[in-house]
Amino acid sequence: MKKNLLISALIIFSFLIIYSCGKNPASPSTPSDTGDSATYTATATQTPLGDAYEEDDTPAQAKIIYSGQSQNKSMHACYENDWIKFTITNTSDVTITTSGTTYPTFIEGYNSTNIIPANMVLAGGDGTGPATASVTDLAPGTYYVNVRAWNYETGCDTFNYTVSINDFAPETPTETNTVPAGTTFTNTPTPSADIYEADNAYTSANEITNGETQTHSIHAWDDEDWMYFNLTEESCVSITTADSNYCYIDVFEEADTVNSSFTGGDGSTPAVIPDYCFVPAGKYYIKIRAFNYEPITQYKITINFAPSITETPTEEETATYTYTTEETATDTYTETPTDTQTNTPTPWPTDVYEDDNTSFTARTITSGINEYHTLAPAGDEDWFKFTIPFYSSVTLFAQSDDQRYDLRMYLYRDYSGVLSDVAHVQGSEFETYIIQPLDAGDYYLKMYDNDTATGVFYNMHYVAVYDTPTITETITPTVTITATVTPTKTLGPDIYEDGDDVYTGANAASSSPNSEIHSVYPASDSDWFVYTVGGTYTSRIYFNVDGSQDDTIGIYVYDTEGAPTSGGYPDNYLSGAWLGGANDNETYFDTNLSAGTYYVKIINSWPIHEYTLYHEEMTFTITPTYSITQTFSVTPTITVTSTITMTPGAWTAVAYGTPAVSQHAALASNGTDYSWGYTQSNSKIHINGTGLDLSLEYTKMGKRWLAKSAAYDYIVYPFGAGGIYARYSGDNWLSSLGITVGNGSQPCIYIDNETPYVAYINSDAGNSVTVKSYASSWTTYGSANFTPPVSVDVARLNTLSMDGYNDAGTLKLYVAYVDPNDENRIHVKWKNGLSDWADLGGVAYNYDVEASSIDISVINDAAVYVIFTANTYLPVVCRWNGSYWTDLTPSLFACYSKHNSIHAVSENEIYVSFIDTEKDKAIAAMYNGAGWIYLNSTSGYTSPLTEYPYILKSAGSIYSGYISNGFMGVYKYQ
């Protein structure tokens, strides 16, 4: 939940709590001296949340507290009990304390879950503040401790606090020689095993919770301690250790407990992982071992995590909150009489490296280390510094996961306090980098986002590599040198240098493995290859990279449309990837390319001594399963351009509309024939070239407003004076079906056996969705208003769409919508025959993106497809496979999009179209079961100034309707 909503809810909840306990929030009570029980109610106190240990309100729910541990907890409600338990294996002295609050607390401990006075072993608290309870010579066993507010019976104190227990585990070091072979230490005192043992494998890991500190030991040289934690949402994770001998941290995802996701510890200081952000929700394992395999008598480990993305509330009326889950002396809340909050979202939080906004506060960056940073708030700068001890090849590489940002990089050299400009780059889309040799010296790097209206998340990678001189072999007279050059493993530049450092000197990409051996040397080197895709249809290209197992190779593909950039690269970057260690042709990068010439660039952050690159091509040809000869009758209102020839693999115009001001192009098919239509402002709807004089509100039109049955065409539209109307061609469009469907916007229509079904955003019911069917009148189909309120933000264009199918006599309808209460993400409801409307698997795209321009197409209940624009940027395609949602988003669709359209014919034939808003042209593509291929061009198949594309397949042919320069057009792809 967003922070502003959380704070508002907490304020309301605190006043409800005070009221429920009989307190007047306007009249704080004080301790009574008339014989009444003392109360300690604070005025306008922010009620804390339930802590991470809930539920722990009974002895049976008690949570473990370990020797020497502190836990951050809260009294978040009246009559709250927090139960903990501990186990001792030797007779021990035990002390339990509370801290971090001024509220009085009480502690009582028992030797069993049978809570009677005879079983009490310790108690503490006198009503004046935090409590302490101690006991000496406590026998081995498990004990249960209750912590509560002192005025539990008569008051309603709610507060955050910390409960701690002393380090009661005795140490019994012994002498041992059990050390690994080859180590330099012997006769190391071995501490006793800690209370978490045996935890030497992830299968026996103990849980560590947010804010918790645990005390462990590495009691033998090969001991490992495993823990686990759970994230309920994407988070920043911090793990710290404090120990007598340094340890090493590995963190693993639940699905892979072999390859660590992130690590910490270098043997020079206690191991730390500071604020590793954007970790997805899930279960994770922590493995701790001694860095040098020296047993560790005792170490403490603490974990903290918080959501990666936060929002900063600002108030129209001043409201100040101080709230923390850590130890805080007081919880302070002050307010003015009116507490009205306005929220300004911050896309990314500030990173842990701040303040690093100037060269004076620059952070030292280490060669070979990846760091995750944010440029937030807008206008932020990040400064780095590093020292080159000798002449080196240096790579400075910054990469963001979103190409909307305009990352800039400035490199300076420090000459006795004066910074001299060395290089600056603008970068391209996802990446910004400087790769060049540098002399020995001190350097500073400045990163900033030229688009100061947004924040940026990026990772920074810096590598400095000393260029080892090429070893030249001395040839004696007895050696015979032949003219034949055989490529061999090189420790320097390959035989293709220096001409292939720019794309104009690119070598033709080979189609034979190992026929050409290349190197990236020095680290600043780049190799360019050129490749030509022949034929008419789009091809799938496998670029195989065969290098050593330790190589990580960057491969990028460009096309030649447009002029080269100022950096000397082709204008249009299409796709790319960093490929992991490769050997025996195991690593490859595949992409779909239509006919044309393309350039491939190979780079790396350090020298690659040997690799080969070659390509394999697989051409997909669409073979119709049947042939339909279609005859078009052209009425006088349709202008057919006879100069356009129909060539295979090209779009050909088949129909045009006449008015100069048109919107909302739509197509509909009954399988054997199709119809087309569009709106003309608020005065007309045109169907197949015939204009209907209707009063409509075109700004409230839906995506699927046109439908076609076996016999008739149907339309649905918002009436200009209010209400939603439907008509059909059965009476030549003369009258409406019924009176009105209802009141609202974005109506969509679906026809099942000549029965029309209309979905619309019901303005009479808070903008929830209602579906109605028509027989002799309009009746509600299933429950009315079966969705939460749907977004009617005009900037999101279409936020409702409907499709369905008839499954052996059972109608199944599906409604996709944008839910503003779930951060404007896309959801789908469906109705299976007589069953009522139900959720289809929750949110369709489980990432923090806002949806607009949505559409839906259905084949069956295991093949439901939605398309939408994510955050006004990337078109995203998702499929419901009968069990869960999957992402089919093509990596090539890297453009700003709107007016998305989708038509699913089969699981291996899905068509989409949308507007590339940077080019104002329509893009069309098909998913063939193996990947996406463009229909004709990556840069659009229409003239600029295009709107409202609509795509479908009818009678074996692909059609696209669109509005270009105010005119409706229909294209056919052959």
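The values are calculated or read from the model by the stated rules, or taken from the named source; none is laboratory data. Predicted model, so just to flag it, every value in this text is computed and none were measured. Heads up, the Cβs are rebuilt from the backbone with ideal geometry, glycines too, and the neighbour counts pull from every protein chain shown. All accessible areas refer to the heavy atoms of the entire protein, side chains included, with ligands and DNA or RNA removed. Shrake-Rupley method; radii C 1.70, N 1.55, O 1.52, S 1.80 Å.
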Exercise. Could we say that residue 379 is at pLDDT below 85, small (Gly, Ala, Ser), open to solvent by less than 50 Å² (accessible area, probe 1.4 Å) and on the phi > 0 side of the Ramachandran plot here?
Worked result: no
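This table checks each residue for (1) in contact with a Gly (Cβ under 8 Å, 6 or more places away or on another chain); (2) open to solvent by less than 20 Å² (accessible area, probe 1.4 Å).
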| residue | (1), (2) |
| --- | --- |
| 712 | yes, no |
| 718 | yes, yes |
| 733 | no, no |
| 743 | yes, no |
| 750 | yes, no |
| 761 | yes, yes |
| 764 | yes, no |
| 768 | no, yes |
| 772 | yes, no |
Exercise. Quick one: would you say residue 133 is buried (at least 19 other Cβ atoms within 10 Å of the Cβ), modelled with pLDDT under 85 and of a type in the set (A, V, I, L, M, F, W, C)?
Worked result: no
For this session: Kindly indicate whether residue 855 is acidic (Asp, Glu) and either more than 17 Å from residue 761 (Cα to Cα) or outside the structural domain of residue 911 (by the TED database) (or both).
Result: no
Problem set entry | Flag for residue 843 being surrounded by 17 or more Cβ atoms within 10 Å (Cβ to Cβ), in contact with a helix residue (DSSP H, G or I) (Cβ under 8 Å, 6 or more places away or on another chain) and β-branched (Val, Ile, Thr) | yes
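Yes or no, residue by residue, for (1) modelled with pLDDT under 90; (2) open to solvent by less than 10 Å² (accessible area, probe 1.4 Å):
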{"residue": "902", "(1), (2)": "no, yes"}
{"residue": "911", "(1), (2)": "no, yes"}
{"residue": "922", "(1), (2)": "yes, yes"}
{"residue": "927", "(1), (2)": "yes, no"}
{"residue": "937", "(1), (2)": "yes, no"}
{"residue": "945", "(1), (2)": "yes, no"}
{"residue": "949", "(1), (2)": "no, yes"}
{"residue": "960", "(1), (2)": "no, yes"}
Exercise. Scanning for something crowded, with 20+ Cβ neighbours inside 10 Å, touching a helix residue (DSSP H, G or I) at 6+ places or on another chain (Cβ under 6 Å) and free of Cβ contacts under 8 Å to residues at least 60 places away in the same chain, does region 668-689 turn up at least one residue?
Worked result: yes
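Listed here are the residues, each with its yes/no results for (1) in contact with a His (Cβ under 7 Å, 6 or more places away or on another chain); (2) more than 25 Å from residue 658 (Cα to Cα); (3) modelled with pLDDT of 95 or more; (4) outside any strand (DSSP E or B).
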position: 703; (1), (2), (3), (4): no, no, no, yes
position: 714; (1), (2), (3), (4): no, no, yes, no
position: 726; (1), (2), (3), (4): no, no, no, no
position: 740; (1), (2), (3), (4): no, yes, no, yes
For this session: May I ask you to say which residue of 793, 807, 819 is crowded, with 17+ Cβ neighbours inside 10 Å and of a type outside the set (A, V, I, L, M, F, W, C)?
Result: 819
Exercise. Do the conditions hold for residue 745, that is, is it outside any loop (DSSP other than H, G, I, E, B), hydroxyl-bearing (Ser, Thr, Tyr) and out of contact with any Asp or Glu (no Cβ under 7 Å at 6 or more places or on another chain)?
Worked result: yes
Exercise. Out of all the residues in region 56-69, which are polar (S, T, N, Q) and surrounded by fewer than 19 Cβ atoms within 10 Å (Cβ to Cβ)?
Worked result: 58, 61
